[in-house]
């Protein structure tokens, strides 16, 4: 006989034929709990909330508030320390809007903080302090103040000059110039247009004289520059002024003490004093030149060549220039020349003769013995015979003869007795020559007597000429009286100009005087400055700033400012740009660069409300705060989608073929350094353990790591691409997702097509994988599909058991807090399998074929069936419904007669069934 004994209600194998189904496999497993082998119907759903029809995304907050959207959105609860606001982050998976964040209090805003677009503007506020390096400049500044004070106290006295004495009708005189205080006017009376005798030289055009009228009389006027412009200070007044000078680097203090001011005033007074050298000598030269000019006029007026003149120094010195000074052994011009001539006469080959020089042309050069190139070889002295006199002795003899030949006339004027001097000079010559042997040559004797000696006397005769003596008496030697007087006037002008220029130089060099005062050991300006001077610490600074929201979220840094070199005591004014509106920016934070021994960073300076965008940084380096944590904290990419949460405070999303990660526990910050670029466009993400599954249009990837900065991507060998982002769901040990070939599971061992044997690719494609939406709850994978009329498959990965459920959903949410799966459809959110009543479970076997046609006599159902919840059993023989039994208890029921080779059983009930038996006879039934 035969028996059908169902005690293991297996899962469906949709692609297998009814005859090919293995034992315990089902053609239908519907509304049953897959986690058990029993026939255990699932509970009905509970209407939980209203949702707009066609909702693609639902999310339940812990408060029970629902977020429902017609857009495809991923919601992730943020991992934030001590967070009671239940901030939740979301991405729009179609890229239609940038990521957002909301909380339980209703705040809803764009995720991320926009960084400042412009660098801070800086103003360097230099604190006025004296640095050690500025001490030289401070000394220079002090000297400048002293100099300017001295200069302000300067007076400009006129120095030198000619004694003023108005002219008379019979005598010249001196008057001040009416407009030029450095000039004096020389007025000489005229009679009928003529000057007095002796004054005619004043008419020479060289003197630029003019005829003028003075006191109704006619005069000849010449302007004489006789006064120099000096510099002088009142020492007492200057000392008082210097005491009042403020110190430029010590506010409220005076630059000099009274003692130092008195010293400086004394130095300035002595520096400019006309009795000091060299200005005293220059002033003396003006007086001498003025005396010369005035003396000429007095000499003309008082008479010339008086006995006093010839006894005076001027005449005696002029005479010495000719003959020499016996007391000092000086050679005069005439005595030296005559001696040279004597040496030429006594020269011959026997006693040595200078060569290469023609004695007739240049006796002095011949005696000096130059070589052919004009280089002196040393004074030549002939071999004088014994008993003769040397050169110095000869000069003495000639000087004596010269002075003896100077006579005084009856008018008291000296003159030269030419013949007497000539005879004496010749006598000396003969005395020397006669000592030589008579046989020796006297070839130069005749020129000496006839020519050379007379030429030497010309200079003497010119000296004693009456006109020359007169000019000597007037102090005007060497030219005509008018020319010489003009030179004397010019000499006076040069002397006054020299002293004026000298005082101008003294005025210009008052800076040097002031520096010398400041540097003097008795002046302590430098020491007082050194006491307040500081050693600067210059640092190169850069600034950045960030924006901070009212939630304390901080943006990435602004562009870096320009560099400033700042002393530690200086301040910096910083101006920041206004934050964009609508982004909830409440504050700014300012950071500045700081460099340590091993690293550098931007350290916290200050923060302030965005209502005030300026700040003056006076924070010392030691008081700076922590480094800026948000240097690279960019906003999330605008098209970021597929948001998922990972361990360690990490969230991940994607855009294009790039997977991005947030800063751990900082869900609003998405540094570009944490982006991982893949080969193919990303479809969706899933998480298991610390591994991120990345489904792409090509090979899937695993990306893993304990920190966003250390994520590593591994491309899997499997060619199973992801057909639908919404099909990805985390299960124990891996991720399930729909591929074009079937249902896949990604685990640490790789990717496996777990629907093999359940679906052929052809049958799977009929379900339209790209439309699939999935959720995992209590170990069961719920897969909603739109193809073939739509429906929901359930899959137990552990048992590899497939079923289905009467459930339609456009959006799902598996809530861990309530341990409930929620789905949305038809404008309502349902909590799945939470009602008190149960669904009607269905189970249908495959075709069970026996070896021969057999009858089935008895039916017994082991379960919880009752009259209110009976079990309906349909029995098919050879594919035809042969009997329908309604079982309300566990009592056996008789089955109609009939023999069939193939049998099928369909069970439907809200009651739990543990076993169903169909026996061919009573013995078989009793044997159970």
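The values are calculated or read from the model by the stated rules, or taken from the named source; none is laboratory data. Source: prediction; values computed, not measured. For neighbour counting, all protein chains shown are included, and Cβ atoms are generated from backbone atoms with ideal geometry for every residue, glycine included.
Out of all the residues in segment 696-709, is one or more surrounded by 17 or more Cβ atoms within 10 Å (Cβ to Cβ) and within 19 Å of residue 821 (Cβ to Cβ)? No, the conditions are met nowhere in segment 696-709.
Taking the numbered list (1) over 23 Å from residue 742 (Cβ atoms); (2) assigned to a loop (DSSP other than H, G, I, E, B); (3) in contact with a strand residue (DSSP E or B) (Cβ under 9 Å, 6 or more places away or on another chain) in turn, residue 866 passes all entries but (3). Going residue by residue through segment 902-912, is there one that turns out to be surrounded by fewer than 20 Cβ atoms within 10 Å (Cβ to Cβ) and farther than 20 Å from residue 36 by Cα? Yes, that holds for at least one residue. Picking from residues in segment 182-214 that are on the phi > 0 side of the Ramachandran plot and touching a residue at least 24 places away in the same chain (Cβ under 8 Å), the one that is surrounded by the fewest Cβ atoms within 10 Å (Cβ to Cβ) is 193. Applying the condition of being at pLDDT below 90 and within 45 Å of the chain's Cα centre (by Cα) to segment 60-94 and asking which residue is nearest to residue 728 (Cα to Cα) yields 78.
Kindly indicate which of 169, 148 is touching a residue at least 12 places away in the same chain (Cβ under 8 Å) and either more than 30 Å from residue 613 (Cα to Cα) or in the same structural domain as residue 227 (by TED's automatic domain parsing) (or both).
The conditions single out 169.
Restricting to segment 679-690, and then to whatever is under 46 Å from the mean Cα position of the chain (by Cα) and surrounded by fewer than 20 Cβ atoms within 10 Å (Cβ to Cβ), can you tell me which residue is modelled with the lowest pLDDT? Top of the filtered list is 690.
Checked against (1) under 60 Å from the mean Cα position of the chain (by Cα); (2) modelled with pLDDT under 95, residue 110 passes all but a single condition, namely (2).
Scan the strands (runs of 3 or more DSSP E) fully inside segment 670-785 and keep the ones with 2 or more residues being outside the structural domain of residue 13 (by TED's automatic domain parsing), in contact (Cβ under 8 Å) with a residue 12 or more places away in the chain and in contact with a helix residue (DSSP H, G or I) (Cβ under 6 Å, 6 or more places away or on another chain).
Working: elements: 675-677, 682-688, 691-696, 701-704, 712-715, 729-731, 734-738, 743-747, 750-753, 773-777, 780-785.
Answer list for segment 670-785: 682-688, 734-738, 773-777.
Counting residues in segment 640-660 that are touching a strand residue (DSSP E or B) at 6+ places or on another chain (Cβ under 6 Å), on the phi > 0 side of the Ramachandran plot and either crowded, with 17+ Cβ neighbours inside 10 Å or in the same structural domain as residue 81 (by TED's automatic domain parsing) (or both) gives one or more. Kindly indicate whether residue 118 is crowded, with 20+ Cβ neighbours inside 10 Å and modelled with pLDDT of 95 or more. Considered against the rule, which asks whether it is crowded, with 20+ Cβ neighbours inside 10 Å and modelled with pLDDT of 95 or more, residue 118 comes out as no. Here 881, 821, 807 are screened, and the one residue that is surrounded by 14 or more Cβ atoms within 10 Å (Cβ to Cβ) and not in a loop (DSSP other than H, G, I, E, B) is 821.
Residues that are out of contact with any strand residue (DSSP E or B) (no Cβ under 9 Å at 6 or more places or on another chain) and at pLDDT below 75: which helices (runs of 4 or more DSSP H) entirely in segment 241-349 hold 1 or more of them?
Details: elements: 258-272, 279-302, 307-311, 313-323, 333-346.
By residue number, 279-302, 307-311, 313-323, 333-346.
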